[in-house]
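Asks: Just passing along the structure, written as structure tokens.
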Amino acid sequence: MGKLLLLFITISINAQYFENFDSYSLANISDQNPTRWTSWTGEKTVEDCIIIDKPFFSSSQAGYVGGKNGDALFLLGNKTSDVWSIHFKMYVPSNHSAGFEILGESTPNDGFTGEFITYNISFNNNNNTSGIGNLNGSSFTFSHDVWFNVELVIDVSNTNFQMTIDNNLVTPTPINFSEGEILGAINFFRGDYDNKYWIDDIDFFKGLLNTETAHSQNITLFPNPTSGILHIKNITNLEITNIIIKNGVGQKIIESQNVNKIDLSKLSNGIYYVSIENIKGNKTVYKIIKE
């Protein structure tokens, strides 16, 4: 019988690394933090991410990729197993493009030394597709001139990943790694001469984190891990009116009402979404993984 891994804890408990760019001088980042940042070749001038003081999403600074700068690697420690999540904010101005890719083995001194997990994930590629991004031939939408959220869930053990843009699942079916079995880095690259964008508040952590916190409705789901019985503890006086569990392609698997446990032991391994709605119509979606 598989286990259900439910991660609803906060970033501070499960955080691997958080980067908000606010502790640096306005200069190349890899010179200031060489253990976490490098570039494609390890060269630290034209390939680096630049710290800039506007625009920014939080606090006072952000990272900039554009012009002559590109191929900045955010190092992830060459993970060989488990599920890892990466969240970050991105800002792409109108009439400009952006892109990143997930890389295999990468090191501080040598840059990219391994294989690709995915090739270019582009935003307004070559300034020809305003508001449209592309991942492995499939298109998705994003907004120019505002900060939007990018979320990657990378299952290294099963060598696949999923991506969400502003809470919209871009990859209902997980995408297999293009090559290799190691999670090494995110490459924020300059794909063309119209490339210009900012990044901020990068979160890298083990497991999954919900798009909304698990306590937003004073509801707790446990234990973690479990053999398949998902317990739902409602510590508010607001009645739960609907519980829906969907698989990664949006198909409804289970629907129930005000219950305190659900048996998930017969579900196949993978990512699922538990939507809980209370009597006031407030809804929260929790991400779970069955393994």
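Throughout, read-outs are computed from the coordinates displayed, never taken from laboratory work. Bear in mind that the values here come from a model prediction, so they are computed numbers and not experimental data. As a convention, Cβ positions derive from the backbone with ideal geometry for all residues, glycine included, and neighbour counts pool all protein chains shown.
Asks: Could you work out how much longer the chain between LYS206 and ASN158 gets when fully extended? Use 0.36 nm per residue separation minus the Cα distance between them, nm to one decimal.
Replies: 15.8 nm
Asks: Expressed as a whole number of Å, what is the distance separating the alpha-carbon centroids of segment 21-52 and segment 82-120?
Replies: With segment 82-120 and segment 21-52 each reduced to a Cα centre, they are spaced 15 Å.
Asks: What residues have an amide H closer than 5 Å to that of ILE253, excluding those fewer than 5 places away on the same chain, when H is modeled at 1.01 Å from N in the peptide plane?
Replies: Sorted by chain and number, the residues that satisfy this are ILE245, LYS246, ASN247.
Asks: Go ahead and run the numbers for FRET between THR220 and THR113, Cβ-Cβ distance against an R0 of 51 Å, rounding to 0.05.
Replies: On the way: r = 43 Å, r/R0 = 0.84.
Working from the Cβ atoms, E equals 0.75.
Asks: Which far-off residues, 5 or more places away or on another chain, put their amide H under 5 Å from the one on GLN16, with H placed in the peptide plane?
Replies: PHE204, PHE205, LYS206
Asks: Starting from the 7 Å offset along Cα-to-Cβ, what nm value, one decimal, do you get for the label separation of ASP263 and ASP31?
Replies: Taking the simple label geometry, ASP263 and ASP31 are separated by 6.4 nm.
Asks: Given points 7 Å out from each Cα along the Cα-Cβ axis, report the LYS54 to SER227 separation in nanometres with one decimal.
Replies: Spacing of the two 7 Å Cα→Cβ label points: 6.0 nm.
Asks: Continuing with this model, one more query. Exceeding 21 Å between C-alpha atoms, which entries from my cross-link table qualify? They are LYS89/LYS206; LYS261/LYS287; LYS79/LYS252; LYS54/LYS206.
Replies: LYS79/LYS252; LYS54/LYS206
Asks: What's the exposure ranking of VAL92, VAL156, going from fewest to most Cβ atoms within 10 Å? Mind dumping the intermediate values first?
Replies: Values: VAL92 26, VAL156 20.
Ordered from fewest to most neighbouring Cβ atoms within 10 Å, VAL92, VAL156 come out as VAL156, VAL92.
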